[in-house]
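Just so it is clear, none of the values below were taken in a lab; they were calculated from the coordinates. Everything numeric in this text was worked out from a predicted model, so none of it was measured. As a convention, Cβ positions derive from the backbone with ideal geometry for all residues, glycine included, and neighbour counts pool all protein chains shown.
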Amino acid sequence: MSYYLKYRPQRVDELDLTDVRDNLLGVLKGGNLSHAYLFVGPRGSGKTSAARILAAAVNCEENDGSRIKSGMTKLGEPCGKCKVCKGIKVGNQVDVLEMDAASHRGIDDIRNLKERIRLAPVNLKKKVYIIDEVHMLTKEAFNALLKVLEEPPKHVMFFLCTTEEHKVPETIISRCTKIAFTKAIKKEVESALQKVIKGEKLKIDKEAVGLLAESVDGSFREGHKLLEQLAVDGKKITKQEVEKMLGLAGGDDVVELLKMSLEGRSKEIGKRLGELEKKGVSAGSLLGDLLRGLQGMIRAPHQTVQGDKVRLAGLLIESAEKLKVSPLPFLPIELALLEIGLREGKQPVSKVVIKEMKKEVLKQVQNDEKISKGNNILSLSKIEEEWGKLLDRLSEKNRSVAGLLRSSKPKVADGNSLTVEVFYEFHKSQLEQDSKRLLIEQAAEELWGPMVLRCVLGDKQHKPSVSVDRVIEVDDYVKAAEDVFGS
Ligand SMILES: [Zn+2]
């Protein structure tokens, strides 16, 4: 079982988002639950986990159902031990239906919603519908849902979850109790990671945990995923390993490269860049680090001669544009670093200055820019996670282009360029046609912002196929949808 599932909070007081936790504890204390909640917030912030906990709290055999109706007494946390709680935890309670609106958004899916919902729960006190990505429902589906929300049967509760509230009709929103899930702050992600570290008895540096927490853009799910990857070989996890996995150049590499450039040590620059490239550091994130490092140097109090640094900053900024079009992404950076060194009469940078630079750079690198790194790093995993959505969108626009892309897979995301791996020359030439490429870029932009598409030919052995997980997931959704909407 993945860390994310294994360490999913099971009680309201275990929720990692402080505001949501306090809010929902208040709901339990009041014992006065609404029949419909709208959970709004970014992916990985724990919306469906919270919905499951409330579904368990309401139905737990240890919690007296009469309390819910009276609204007078406290409703406790789910006990976690009775068969209802256990069933909800593993997702096999027939009265708690979890479904993804993204895959079931059509009129056929919702036709029987009203009739189905009238039926009493089979085992539990309340029938609970958890609808994820609810904004994906069609207009007709929303209308059907609205009818139910207007006159909800007493035995039904809804948890509508969405990452895009603005796409949910106002009429629906106004009939729900809204709870905002914010992006987790570093401390909250850290505390979630610490539970796993303790539970799995992982050995990890404090700095490594901090860096991980900063790099996941407030997503608990992403944090758990990265930690799981790092824990694979059972060795102690260091900050360097985290940097390596995230494709970040370490603070030392950044300082060294800047020093080499300013001292004109041309040969060493190429060698060091080659090493970083081999380690999988992305050119985009390295460039960002170099610029931040330089900014730190320029702002450092004991720096007097700034000419070279300012010039280098200018050259690096120019290289950002070239990086987007260069077939060798490290080359523009290398040229910028070399150009400064080509001037005559270079003096080694003094030890005092180096110490100061290093302090400033490390401070910069560690403190305020991890967020932007996080975004960069997240992009490929986010793209992989949302690849299905891109295909869905494309299918609506052009089925054959969607079909072409279906047999490819995302490989590298660097800044705003996306490289996909295709497995047949024919697919590659098709996808590279301007009209098709633009269509894909447009759909990708709707999801992830402006993006330039590139194709590379990959080994046919790595061709994507429908995985077992995927099949199970689809079956689950079909079953859930049939239960909710009738088949
Ligand atoms: Zn229970």
Order of 265-272, 230-237, 440-447 by packing, highest average Cβ count within 10 Å first?
-> 440-447, 265-272, 230-237
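Would you mind ranking Tyr7, Tyr424, Tyr129 by Cβ crowding within 10 Å, fewest neighbours first? Walk me through the intermediate numbers first.
Working: Tyr7 22, Tyr424 15, Tyr129 25.
Going from sparsest to densest Cβ surroundings: Tyr424, Tyr7, Tyr129.
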GluC sites (Glu not before Pro) in segment 165-232 lying in a DSSP loop, each with at most 14 other Cβ atoms within 10 Å of its Cβ, come to none
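Quick check: net charge around Met157, other residues with Cβ under 11 Å of its Cβ, Lys/Arg +1 and Asp/Glu -1?
Details: positive: Lys125, Lys126, Lys127, Lys154; negative: Asp95.
Neighbourhood net charge equals +3.
Dipole magnitude of segment 383-469 about its Cα centre, charges +1 at Lys/Arg Cβ and -1 at Asp/Glu Cβ only, in debye to the nearest 20? Don't skip to the answer; put the middle values down first.
Numbers: 13 positive and 15 negative charges, 68 e Å.
In debye, rounded to 20, segment 383-469 gives about 320.
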Sort out for me the Cα centre separation of segment 83-105 from segment 406-440, rounded to whole Å.
-> 36
Environment charge at Asn59 (Cβ cut-off 11 Å; Lys +1, Arg +1, Asp -1, Glu -1) = +2
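Based on other C-beta atoms within 10 Å, arrange Arg454, Arg11 from fewest to most. Present the calculation step by step, with values, prior to reporting the outcome.
Working: Arg454 15, Arg11 18.
The fewest-first ordering by Cβ neighbours comes to Arg454, Arg11.
Within 10 Å of each residue's Cβ, count the other Cβ atoms and sort Val189, Val94, Val40, Val134 from fewest upward. List each step's numbers first, then the result.
Values: Val189 27, Val94 14, Val40 24, Val134 30.
Ascending number of Cβ neighbours within 10 Å: Val94, Val40, Val189, Val134.
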Where does the charge balance sit around Lys382 when Lys and Arg score +1, Asp and Glu -1, over other residues with C-beta under 13 Å from its C-beta?
-> -1
Length-normalised contact order of segment 186-245 in % [C-alpha pairs under 8 Å, at least 6 apart] | 41
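Report the full-extension gain for the segment Ser407 to Glu14: residue separation times 0.36 nm, less the Cα-Cα distance, to one decimal in nm. Please report the intermediate quantities before stating the final value.
Values: separation 393, 0.36 × 393 = 141.48 nm, distance 4.12 nm.
137.4 nm is the gain from fully extending Ser407 to Glu14.
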First check a/c for segment 383-469, with a ≥ b ≥ c the square roots of the eigenvalues of its C-alpha gyration tensor; if it is under 1.5, answer rounded, and if not, answer prolate when a/b is larger than b/c or oblate otherwise.
-> rounded
